[in-house]
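Throughout, read-outs are computed from the coordinates displayed, never taken from laboratory work. Note that the structure is a prediction, hence the values are computed from the model and not measured. Neighbour counts are summed over all protein chains in view; Cβ atoms, including those assigned to glycine, are modelled from backbone coordinates with ideal geometry.
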Amino acid sequence: MAMEARDVIDIVLLFEQAGIDFWVEGGWGIDALLGMQNRDHGDLDLVVDAPRSDDARRILAEAGFEPIFEDPPGRCSLQDHRDRIVDLGFAVADRYGDRWNLNRTTGRGEPDYPFDGFTYGWIGGKKVPCIGPEAQVAHHLGYEVEDVDRFDVELLRERFDTSIPEPLRALRR
């Protein structure tokens, strides 16, 4: 089942009402940056500050979401009876405002979410916090790239002139 914009807004409102900061990433995050939905989405990816991870899980549980995947300490997925899926990624901020994914296994290097990599976009007419174009592209690396990933980052390149690394470039026919 696809997540519709109204589903995303319902979940965003839960977080806002609970006072939990979050940022939309992944497919919906890219569509937020573009200000319009460009494809179907099977889930909603959110980044939440690690100190609020229990609160994020609690508000989703209260809304009928149950865990379907756990990758402690930094990731989990929850699903409700309507088959809506929310993937939560937990990050910890340093004193400079950079954020680091809790499941990162390599050396510290560059932050997963640089302080200047946060922005706002629009989903279903609602302004939402999201991850910026460069961070979105970077987060599409490190796993097997699919056509949908190439489609998403190509939209970012067209709109924001974002540099696209070779593994993410669309195959030319």
Original post:
What share of the DSSP beta bridges in the chain is antiparallel, in percent to the nearest 5?
Top reply: 80 percent
Original post:
Based on the Cβ-Cβ distance of Arg104 and Val145, what FRET efficiency does E = 1/(1 + (r/R0)^6) give at R0 = 22 Å, to the nearest 0.05?
Top reply: 0.65
Original post:
If you build a Gaussian network model of the chain, linking Cα atoms that sit under 10 Å apart, which residue out of Gly19, Gly74, Gly142 swings the most?
Top reply: Gly142
Original post:
Given the convex hull of the Cα atoms of segment 28-87, what is a quarter of its surface area in nm²?
Top reply: 4.6 nm²
Original post:
What percent do you get for the relative contact order of segment 5-166 when only Cα pairs under 8 Å and 6+ apart count?
Top reply: 24 percent
Original post:
How high is the relative contact order of segment 1-45, in percent, with contacts defined as C-alpha pairs under 8 Å that are six or more residues apart?
Top reply: 54 percent
Original post:
Looking at segment 22-76, which trypsin sites (Lys or Arg not before Pro) are DSSP coil and have at most 15 other C-beta atoms within 10 Å of their C-beta?
Top reply: Arg39
Subject >> Paramagnetic label zone (point 7 Å from Cα along Cα-to-C-beta, Asn38; backbone N under 20 Å) in segment 116-134 >> reply: 117-134
Original post:
Under DSSP H, which helices of the chain have Cα atoms covering 18 Å or more of the helix axis and a Kyte-Doolittle average no less than 0.5?
Top reply: 5-18
**OP:** Return the whole-Å distance between the Cα centroid of segment 15-52 and the Cα centroid of segment 116-149.
**Re:** 8 Å
Subject >> Ascending count of other beta-carbon atoms within 10 Å, so fewest first, for Ser77, Ser163 >> reply: Ser163, Ser77
Subject >> Computed [θ] at 222 nm, deg cm²/dmol, the chain (DSSP H ≥ 4; -39,500 (n - 2.57); rounded to nearest 500) >> reply: -9000 deg cm²/dmol
Original post:
Ignoring the sites themselves, what is the longest stretch of the chain with no chymotrypsin sites (Phe, Trp or Tyr not before Pro) in a DSSP loop and at most 13 other beta-carbon atoms within 10 Å?
Top reply: 1-95
Original post:
the chain: D in µm²/s via Stokes-Einstein (Kirkwood Rh, Cα pairs, 25 °C, 0.890 mPa s)?
Top reply: 149 µm²/s
Original post:
What is the fewest-to-most order of Glu66, Glu166, Glu16 by other Cβ atoms lying within 10 Å of their Cβ?
Top reply: Glu166, Glu66, Glu16
